[in-house]
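Visitor: There's a structure below that I have some questions on.
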Amino acid sequence: MNIDDLIKHNFCQQINNDLEPFIKGVGFADMEVIKENNIPDLEHYIRYTSFYAVHLFSLCRQLEQAISLLSNYRYSIKDDVGRGYHLSYNVENYFIRLDSLYDRVLQVVNAIFNFGFKEGSVRKAGMLKKIHKVEGSDKLINSLDELNNILKSHSDERRNIIVHRHSYMDKELNMIEMYYDPFFSKLILKDVDKAENFKQIRKEQLSFYLRRKKKEFKEINEECFEKIFLILNEIEKEYIFNKQKMSF
């Protein structure tokens, strides 16, 4: 499953259609969509839910694009970044964004169910307590728990290390950083006898790492998107119900 499958979900199509008459030149992801005062409850609900849904889908797209960015490096004569450091940046960036996924989902759930939590107060414990009180919410709770477990197994510890302690520790990646370090590699390449062998070794190691990492990230994304698809199935029901209630 990929981002296109999520975009094609009926919930996504509904919010796009519902929001269209109200945006008046303002982008879907613009905060101004939900800041306008003195508007009917239904319009406010559509703007509010759409805003957080759009930002969720935007993050999902970024996670998918992150796979391509692992290879998206332009070599130049003035190569002062280094292929290895560029790769490290994008690997770390992926895990930081991945760790934001559950929070984005909770923001959407808060908006759809009108729980009333302020944006900065949306927390897992409080949200689940509220959801448990909603009749027929078992499937939603199960899907949220499953998504949370996936994310904890793949990103929780790595994200904490990157943000709060030190750089992401990966021996293969560290070796690639060294091989492509602008200063170190220039020293090696000055030795004509060693240059070709050195370039071949680092190229093979980089290629192997990229294949493995892209496969890993793709599998993580698919796991997460499958759970998000199930979550959309459940919140769509509440979205339709609330719109109908506000229409009278």
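The values are calculated or read from the model by the stated rules, or taken from the named source; none is laboratory data. Worth saying up front: this structure is predicted, and the values here are computed from it rather than measured. All Cβ positions, even for glycine, are placed from backbone atoms using ideal geometry, and neighbour counts span all protein chains on display. These area figures cover heavy atoms from the full protein model, side chains too; ligands, DNA and RNA do not enter into them. Shrake-Rupley method; radii C 1.70, N 1.55, O 1.52, S 1.80 Å.
Visitor: I need the full set of residues from the stretch 82-126 which are of a type in the set (A, V, I, L, M, F, W, C) and within 23 Å of Asn221 (Cα to Cα), in order please.
Guide: Within the stretch 82-126, Leu87, Val91, Phe95, Ile96, Leu98, Leu101, Val105, Leu106, Val108, Val109 qualify.
Visitor: Would you mind stating whether Glu222 is surrounded by 13 or more Cβ atoms within 10 Å (Cβ to Cβ), among the acidic types (Asp, Glu), within 21 Å of Lys171 (Cβ to Cβ) and under 25 Å from the mean Cα position of the chain (by Cα)?
Guide: Spelling it out, it is not the case that Glu222 is surrounded by 13 or more Cβ atoms within 10 Å (Cβ to Cβ), among the acidic types (Asp, Glu), within 21 Å of Lys171 (Cβ to Cβ) and under 25 Å from the mean Cα position of the chain (by Cα).
Visitor: Same structure again: Answer yes if at least one residue in the stretch 31-53 is surrounded by 14 or more Cβ atoms within 10 Å (Cβ to Cβ), in a loop (DSSP other than H, G, I, E, B) and modelled with pLDDT of 90 or more, and no otherwise.
Guide: No, the stretch 31-53 contains no residue that is surrounded by 14 or more Cβ atoms within 10 Å (Cβ to Cβ), in a loop (DSSP other than H, G, I, E, B) and modelled with pLDDT of 90 or more.
Visitor: Residue pairs, Cβ under 8 Å, 6 or more apart or interchain, first in the stretch 219-248 and free of Cβ contacts under 8 Å to residues at least 40 places away in the same chain and closer than 18 Å to His44 by Cα, second open to solvent by 50 Å² or more (accessible area, probe 1.4 Å) and of a type outside the set (S, T, N, Q). List them.
Guide: No pair meets every condition.
Visitor: Looking only at residues that are of a type in the set (Ser, Thr, Tyr) and in contact with a helix residue (DSSP H, G or I) (Cβ under 7 Å, 6 or more places away or on another chain) in the stretch 188-246, which one is nearest to Arg97 (Cα to Cα)?
Guide: Taking the candidates together, the pick is Tyr209.
Residue by residue, here is whether (1) modelled with pLDDT under 95; (2) more than 25 Å from the chain's Cα centre (by Cα); (3) open to solvent by 90 Å² or more (accessible area, probe 1.4 Å); (4) of a type outside the set (Asp, Glu) holds:
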site	(1), (2), (3), (4)
Leu189	yes, yes, no, yes
Lys215	no, no, yes, yes
Ile235	no, no, no, yes
Glu238	no, no, no, no
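Visitor: When residues of the stretch 109-131 are filtered for being in contact with a Phe, Trp or Tyr (Cβ under 6 Å, 6 or more places away or on another chain) and either under 21 Å from Ala66 (Cβ atoms) or open to solvent by 40 Å² or more (accessible area, probe 1.4 Å) (or both), how many remain?
Guide: The total comes to 1.
Visitor: Looking only at the stretch 172-204, count every residue that is closer than 29 Å to Ile67 by Cβ and either in a loop (DSSP other than H, G, I, E, B) or in contact with an Asp or Glu (Cβ under 7 Å, 6 or more places away or on another chain) (or both) and tell me the total.
Guide: Number satisfying all stated conditions: 2.
Visitor: Let me ask something additional. Among the residues that make up the stretch 152-171, is at least one of them of a type in the set (A, V, I, L, M, F, W, C), part of a helix (DSSP H, G or I) and at pLDDT 85 or above?
Guide: No.
Visitor: I would also like to ask the following. So which of Arg61, Arg97 is modelled with pLDDT of 95 or more, in a helix (DSSP H, G or I) and open to solvent by 10 Å² or more (accessible area, probe 1.4 Å)?
Guide: The match here is Arg61.
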